[in-house]
1. What number of residues within the stretch A:388-398 satisfy the criterion of being within 22 Å of the chain's Cα centre (by Cα) and either closer than 23 Å to residue B:72 by Cα or surrounded by fewer than 18 Cβ atoms within 10 Å (Cβ to Cβ) (or both)?
2. From the list B:187, B:161, pick out the single residue that is buried (at least 21 other Cβ atoms within 10 Å of the Cβ) and in contact with a helix residue (DSSP H, G or I) (Cβ under 7 Å, 6 or more places away or on another chain).
3. Looking at A:518, A:480, A:502, A:540 in this structure, which one is within 14 Å of another protein chain (Cβ to nearest Cβ) and in contact with a helix residue (DSSP H, G or I) (Cβ under 8 Å, 6 or more places away or on another chain)?
4. Which is in a helix (DSSP H, G or I), closer than 30 Å to residue A:24 by Cα and in contact (Cβ under 8 Å) with a residue 24 or more places away in the chain, of A:423, A:408, A:359, A:395?
5. Go through (1) more than 12 Å from chain A (Cβ to nearest Cβ); (2) surrounded by fewer than 21 Cβ atoms within 10 Å (Cβ to Cβ); (3) under 28 Å from residue B:81 (Cα atoms) for residue B:208 and report which single condition fails.
6. Would you confirm whether any residue within the stretch A:303-317 is in a loop (DSSP other than H, G, I, E, B) and in contact (Cβ under 8 Å) with a residue 24 or more places away in the chain?
7. Report yes if some residue within the stretch B:49-58 is without any contact (Cβ under 8 Å) to a residue 60 or more places away in the chain and crowded, with 18+ Cβ neighbours inside 10 Å; otherwise report no.
8. Look at residue A:491 and say whether it is farther than 30 Å from residue B:173 by Cα and either within 19 Å of the chain's Cα centre (by Cα) or within 14 Å of chain B (Cβ to nearest Cβ) (or both).
């Protein structure tokens, strides 16, 4: 085809499109490269480290043999799994009834009850452990209730995990129970089915996949959580604390890597089984389903209101204990209020800087992470170039869901710290902490972005192509504005999680970049529980403030800017 | 309705014969995995023509449209547009405007910004763009809606905005992918006329995909009937209706009664015990098995005399009232296993007082009996 045959109008468009495809291909290549660098390579480093001795020589399975012939080490597998199973068995029924109360009854204050139950999401996991120590620990206010038993150990871990995991299970179960076809209930009623039978034959099967998913999520959370076991576990060893002890305590990186690999097994197994189960899920709700409107039932509603109030009260009470304790002069002997626990300089040379490091780190992770995740999801979902590259990018983006933060953190230690890696100049810097947090929380953010993008008409790209408008222009002018609510959801999600996480970053901070959550662990280790509680309180308040700001902006500012959503 | 179709087809025919094809499609093949969506499809579309791709869902009509647009490129074959080989060009390097069933309007942009979306990119002065947007909105009758957002418009209005947006850059080819399917019946009828009228005034070569035969009949100069990835027949609406070349086309466009028959001679067929005259029998070998087709409206009841051919006695099995006419299911006495569909006008129903169970003398005109190879 000769250039002369083209009108001047077509000329630039022609070169424009090859540029378009080029830019998209380049984008996919950069995305894959980024995900390999920040997710795959660190995990690979961990894997290879577990087959090497301290000097980096390949030793085959030697480390694993040592691990499994040391009862104090492999005993932790049993401990971890056992604690996780018990926690799951306790949390799921409590959360299910709570979710049922929120979705299937006509009770007042649903919004408040739901918000109260979600509070633990805005705190580091170890906050509930700190609270339990204040209540039932050696100087506990309610120590007498234990009748001589100790909260330090499996009982404390399970109890703290129940509080920490409750909102995670609740969100899934509320979503599962919230979707129901009223017609199924009408049919069951019309056939004269008794209430309990309707529950067993309609309600429960409808929520089946949500229940299974919630079980796996809670199980994985407990197995992989580091903070709670660290604070309240006492002499009870679990996998997460083992990894920390091997790497930070004994500098035994090879054994740390083996523990990391072992830790990966239950998490990956839960992830894979859950995926397989969810794949069987067929859409229970067709487009023609009629949403279920709960009917009034005085007795049930009163009973469940009382139940929900008790649970919500416990959550607020337990979290509140740590907040309250952070203002107490000398627990439990002098309960007068003070701010001296917030003078961190008196317990730790880093003083307030960990808090500001955390703020800076979380904000950077939110901004950079959101930009990468959303652009990446756009490339994966909306473009047609390099289908192989896009498939790889999607797979890598889904990977962090199955990788515990502690394992990812270990991977980063081995990868970034390696002598051969030119990136090792970043070790201990804020940049590594930011990049690690983005990778750690990538999957949920990626899925949120994909969901938002899938709701956009798939023909927008076709229309712009027919109008010879470059793809980046439609991305900036149409796709991003439409997805603004999802983009802010992603940003706030990364911000809150980066602020509260302990597990991944505990290995990665450097001299000037200690984070607030790490400072909590250190103060707790040093016996300054009040200081730890104070720092945790700061994190909770900051995360809540960010969330409230988000809700406020969403409701009052964006709605005004997005006049086009209103009829 | 027949007369109207006739008129359109003649006008179409006149312009079709003279010009060289604007769009030349040769041997197009498209596969999705092991499924072959297009099997060696070739087609010419003349400049200024309105062509409809008609067929049931999954027949390949949308696949063909998207291949022409370059949105889902073909695996084999060539496409030429205005003498230019565009087979391997990306969509933006081809010259077309497109309208989708879902409208695909940008929800966060005003009507004016949507229509001007493709113009802004051409570095024209704002005043020129505004003038063009106004002109287009006037063309589709939405002059006063400029500042509204898509969500504030009705479905029909949104689709007209999409049409204006597609025409804004004056493309050489307009592609319409089931543009009316998402609208309710009344709006659909009105927009059908508006699109057809607009297309004639602008003279833009247009291809529309539809599964609605009535829509295709009333709008197209030529209809391309597709079935299972191949083109069954191309022709004017009246061609397609009167001289369907395959049983599929006959059945899909309009309705038809099919009966198994055997060729009895050069001008006759046998259906069970019935011997019928049939003009179509010439092309078939005597004794071969065929399918005999007859449109319900061709069944004659009035003015039958001893000279009338193919006169048979039948029993009225049932009558379905369909407004301006009744569809009857008739059972020939000589062939009890066969049911013939017949459309009786309201007039005829009143004059003859047809009732269910009644016996009726009917005639199956030899020139209306279509024969199709069986298989």
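The values are calculated or read from the model by the stated rules, or taken from the named source; none is laboratory data. Keep in mind that what you see is a predicted model, and the values were worked out from it rather than measured. Ideal geometry is used to build each Cβ from the backbone, glycine not excepted, and the neighbour counts take in all protein chains shown.
1. Here is the first cut: in the stretch A:388-398, the residues within 22 Å of the chain's Cα centre (by Cα) are A:393-398.
Next, only the ones that are either closer than 23 Å to residue B:72 by Cα or surrounded by fewer than 18 Cβ atoms within 10 Å (Cβ to Cβ) (or both) stay: A:393-395, A:398.
Summing the residues that are within 22 Å of the chain's Cα centre (by Cα) and either closer than 23 Å to residue B:72 by Cα or surrounded by fewer than 18 Cβ atoms within 10 Å (Cβ to Cβ) (or both) in the stretch A:388-398 gives 4.
2. Details: B:187 fails: buried (at least 21 other Cβ atoms within 10 Å of the Cβ).
Going through B:187, B:161 in turn, the sole match is B:161.
3. On the way: A:518 fails: within 14 Å of another protein chain (Cβ to nearest Cβ); A:502 fails: within 14 Å of another protein chain (Cβ to nearest Cβ); A:540 fails: within 14 Å of another protein chain (Cβ to nearest Cβ).
The conditions single out A:480.
4. On the way: A:423 fails: in contact (Cβ under 8 Å) with a residue 24 or more places away in the chain; A:359 fails: closer than 30 Å to residue A:24 by Cα; A:395 fails: in contact (Cβ under 8 Å) with a residue 24 or more places away in the chain.
After ruling out the rest, the residue left standing is A:408.
5. Going through the list (1) more than 12 Å from chain A (Cβ to nearest Cβ); (2) surrounded by fewer than 21 Cβ atoms within 10 Å (Cβ to Cβ); (3) under 28 Å from residue B:81 (Cα atoms), residue B:208 breaks only (2).
6. no
7. No.
8. Details: farther than 30 Å from residue B:173 by Cα: yes; either within 19 Å of the chain's Cα centre (by Cα) or within 14 Å of chain B (Cβ to nearest Cβ) (or both): yes.
Here the answer is yes, as residue A:491 does meet what is asked.
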